[in-house]
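Only one structure is covered here, and it is reproduced in the block below.
What follows draws every value from the coordinates through simple rules; no lab data is involved. In this text, all values refer to a predicted model and were calculated from it rather than measured experimentally. In this analysis, Cβ positions are derived from the backbone assuming ideal geometry, glycine residues included, and neighbour counts consider all displayed protein chains.
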Amino acid sequence: MGKRIIQQARGHGSFSYRVKRTAFKYKLKYPRVLTGEGTVVLLMHSAGHSAPLAKVRYNQEIFYIPACKGMIEGQKISFGGNEIKDGNILMLKDIPVKTPIYCIESRPGDGGIFIKTAGSSAIVNRITENKAFILMPSKKEKEFNPRCRAIIGTIAGAGRLDKPLVKAGKNFYIKKARNKLWPRTSALKMNVIDHPFGSGRGKRIKSKIAKRNAPAGARVGLLRPRRTGRTKK
């Protein structure tokens, strides 16, 4: 008897495919209105994030951000202004060109959604009157509103990938904390009864594009693709 494929098992909602809630109890975003300065109360670990987190007190409010390289407990962080110091939160229009930044807002006031992974940062490339152009870690330039805010510096934890995992068990617990499916079996390696791509016979199938109204068991391959085939350089 065949097994349910991964999409079907996930849709069933068993504990195997549910996220560990305690891993994501810290929301990384700063308040919509920030003026003056805050204090880094605590540097902490979170199972759901690759970078260490900084717990920041601002007036009577507490919020969490990814810690920057060199950040210490008790450090003062300024909000707004023109002081270029690691950890400060400024608008893009006030940040000099070639400055490394992270936790960039998509729209002014949304609290920061871009660049939150350990060791990563973007670079301020150029600023015009109505636009800010940021060089992302992918080496592609992205356009932002100059009133969007970002944190100065590089996120801490850059060396986390340098140490080898050594054991499969360690990777198992890393993936389990973030509800990542691991290990993942290739569909082609399965039996015919267990997956639509099962067995080695259909490797060169005519189309991997799933029909829009296909049920969960048949929605495999390319789902609503914008394009298919190799990209021409």
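The slack in the chain from Glu143 to Arg184, taken as 0.36 nm per residue of separation less the alpha-carbon distance, amounts to 11.2 nm. Sequence-ordered 3J(HN,Hα) estimates for region 164-177 from the Karplus curve with 6.51, -1.76 and 1.60 and θ = phi - 60° stand at x, 5, 6, 10, 5, x, 5, 5, 4, 6, 4, 5, 5, 4 Hz, glycine and proline given as x. Remark on Glu37: its backbone amide H falls under 5 Å from those of Phe79, a criterion applied only to residues 5 or more positions apart or on other chains, H modelled at 1.01 Å from N. Projected onto its three principal axes, the C-alpha set of region 1-113 covers 66, 28, 25 Å, listed from the longest axis down.
For a Förster distance of 25 Å, can you work out the FRET efficiency between the beta-carbons of Ser207 and Lys233, rounded to the nearest 0.05? Mind dumping the intermediate values first?
Working: r = 25 Å, r/R0 = 0.98.
In this case the efficiency is close to 0.55.
Remark: relative contact order (region 22-160) = 25 percent; criterion is Cα-Cα distance under 8 angstrom and separation of 6 or more residues. Taking GluC sites (Glu not before Pro) in DSSP loop conformation with at most 13 other Cβ atoms inside 10 Å as exposed sites, the chain has its longest uninterrupted site-free stretch at 130-233. Ordered by the number of other Cβ atoms lying within 10 Å of each residue's own Cβ, fewest first, Ser16, Ser78 fall into the sequence Ser16, Ser78. When only alpha carbons are used to place a centre, region 81-117 and region 7-39 end up 22 Å from one another.
What FRET efficiency do you get for Leu43 and Val97 if R0 is 30 Å and r is their Cβ-Cβ distance, rounded to the nearest 0.05?
On the way: r = 30 Å, r/R0 = 0.99.
The formula returns an efficiency of 0.50 here.
Take every DSSP beta bridge whose two residues both sit in region 40-146; close to 95 percent of them are antiparallel.
Going by how many other Cβ atoms sit within 10 Å of their own, how do Thr99, Thr128 line up, fewest first? Walk me through the numbers before you get to the answer.
On the way: Thr99 16, Thr128 10.
Listing Thr99, Thr128 from fewest to most nearby Cβ atoms yields Thr128, Thr99.
Counting 0.36 nm for each residue step from Met136 to Ser199 and taking away their Cα separation leaves a gain of 18.6 nm.
Using helices alone, what [θ] at 222 nm do you get for the chain, with -39,500 (n - 2.57) per DSSP H run of 4 or more residues, divided over all residues and rounded to the nearest 500? It comes out at -2000 deg cm²/dmol, rounded to the nearest 500. Applying both filters, DSSP loop and at most 16 other Cβ atoms within 10 Å, to the trypsin sites (Lys or Arg not before Pro) of region 159-210 gives Lys167, Arg178, Lys180, Arg184, Arg201, Lys203, Arg204, Lys206, Lys208. Between Val166 and Lys25, the C-beta separation translates, for a Förster distance of 30 Å, into a calculated FRET efficiency of about 0.55. Computed from phi, the 3J(HN,Hα) profile of region 71-79 under the Karplus parametrisation 6.51, -1.76, 1.60 (θ = phi - 60°) reads 6, 10, 5, x, 5, 8, 10, 9, 10 Hz, with x in place of Gly and Pro. Across the alpha-carbon set of region 144-233, the Rg to Rh ratio works out to 1.12, Rh being the Kirkwood radius. Summary value for the chain: 18 percent relative contact order, contacts being C-alpha pairs under 8 angstrom separated by 6+ residues.
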